[in-house]
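Notes follow once the structure below has been shown.
Each value in this text was obtained by applying a stated rule to the coordinates, not by laboratory testing. This is a predicted model, so every value here is computed, not measured. Using ideal geometry, Cβ is built from the backbone for each residue, glycine included, and neighbour counts are taken over all protein chains shown.
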Amino acid sequence: MDYHDLLARAGEGSAHPGGFGATKRLLRRINLPAGSRVLEVGCGTGRTACYLSELGYDVIAVDRNPLMLEKARRRAQGSGSRARFVNGDAASLPFPDSAFDMVFVESVSAFVPGDRAFREYYRVLKPNGRLLDRELAFVRAANPARCRDLVSYYGLRHLKTAREWTALAKECRFRSVKATSLRTGLAPTPASNADPGQDTDPGLLQDPDAVDMLFKNFRLMNKYRGKTNSVLISAIK
């Protein structure tokens, strides 16, 4: 079991920095016409995808974890959401070129090697389409040798500052690139953003390995608090 399997078993709908409250605040400001085609990459248990659908968008969401997708579909069915869920990987999205008005991503690109995710985001966006990607960023340039515990636990492939995320997006041909620090880092999800539709496996807290991983997650959040931010990368194709 790795970190993503743990999240799937927990049914976590907002594991990204800042939690679901930060997601809602961001999406209320995007000013995208109703009916626009939106792709969410790394949708997890579907909480954000269902919310995007509630806002009036035509939503397709992808994740590579089968249990995440199973729980996302149950969430959508239970809420009457029209969001659709597809098995897929950020490094190789199963969609044609120029298919979406917006690509929305939260805490996914940091887990994908090299520039493969950003090149896929660019490919599937329509001309003038918009990318919004919230990712973990370091306040100062990170020394990978000193972050082995973080890399090992979460499976991170990028330890970037906001400036380094900006440079990566530009290298992948995006324009009007901005990276705004949101100062949430590895902070836990606020209790006020609790998920009423969270679908947690009943035996999770009876599994010693799962409990050990939960404690390790808590310790890492404390260790790297103040060293990391959440950064919003916004860009145009």
Inset, instruction - Count the DSSP beta bridges whose two residues both fall in the chain, then state the antiparallel fraction as a percent rounded to the nearest 5. - result: 40 percent
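Which trypsin sites (Lys or Arg not before Pro) in segment 73-158 sit in a loop by DSSP (not H, G, I, E or B) and have at most 10 other Cβ atoms within 10 Å of their own Cβ?
Listed in order of number, the matching sites are 140.
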Legend entry - Amide H partners (placed H, <5 Å) of residue 40, local residues excluded: 60, 61, 62, 104
Legend entry - Tail weight of P(r) past 19 Å, computed on alpha-carbon pairs of segment 4-82, percent: 32 percent
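When a/c is below 1.5 the answer is rounded, else prolate if a/b is larger than b/c, else oblate, so apply that to the chain with a ≥ b ≥ c taken from the square roots of the Cα gyration tensor eigenvalues.
oblate
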Inset, instruction - Determine the gain in length on full extension of the stretch residue 201-residue 30; use 0.36 nm per residue of separation and subtract their C-alpha separation, reporting nm with one decimal. - result: 58.1 nm
Legend entry - Rg and Dmax [Cα atoms of segment 4-49; Å; Rg one decimal, Dmax integer]: 12.1, 36
Inset, instruction - Give the long-range amide H neighbours of residue 88: residues separated by 5 or more places, or on another chain, with amide H under 5 Å away, using H modelled in the peptide plane at 1.01 Å from N. - result: 63, 64
Inset, instruction - Divide by every residue of the chain the summed helix terms, -39500 (n - 2.57) for each DSSP H run of at least 4, and state the resulting mean residue ellipticity at 222 nm, rounded to the nearest 500 deg cm²/dmol. - result: -10000 deg cm²/dmol
Inset, instruction - Assign unit charges at the C-beta atoms only (+1 for Lys and Arg, -1 for Asp and Glu), then state the dipole size of the chain relative to its Cα centre in Debye, rounded to the nearest 20. - result: 1060 debye
Legend entry - Farthest toward positive dipole pole in segment 1-68 [+1 Lys/Arg, -1 Asp/Glu at C-beta], among 26, 42, 59: 26
Legend entry - In sequence order, calculated HN-Hα J values of segment 46-60 (Karplus, 6.51, -1.76, 1.60; Hz; x Gly/Pro): x, 5, 5, 4, 5, 5, 4, 5, 4, 6, x, 9, 8, 10, 10
Legend entry - Residues with amide H under 5 Å from that of residue 18, placed H, sequence gap 5 or more: 187
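Quick one: compute the contact order of segment 3-236, relative version, from alpha carbon pairs under 8 angstrom and 6+ residues apart, as a percent. Walk me through the numbers on the way to the answer.
Details: 450 pairs, mean separation 55.6, N = 234.
Relative contact order for segment 3-236 comes out at 24 percent.
Take the eigenvalues of the Cα gyration tensor for segment 120-160, scale each by 5, and report the square roots as semi-axes in whole Å, largest first.
Working: eigenvalues 169, 26, 12 Å².
Gyration-tensor ellipsoid for segment 120-160: 29, 11, 8 Å.
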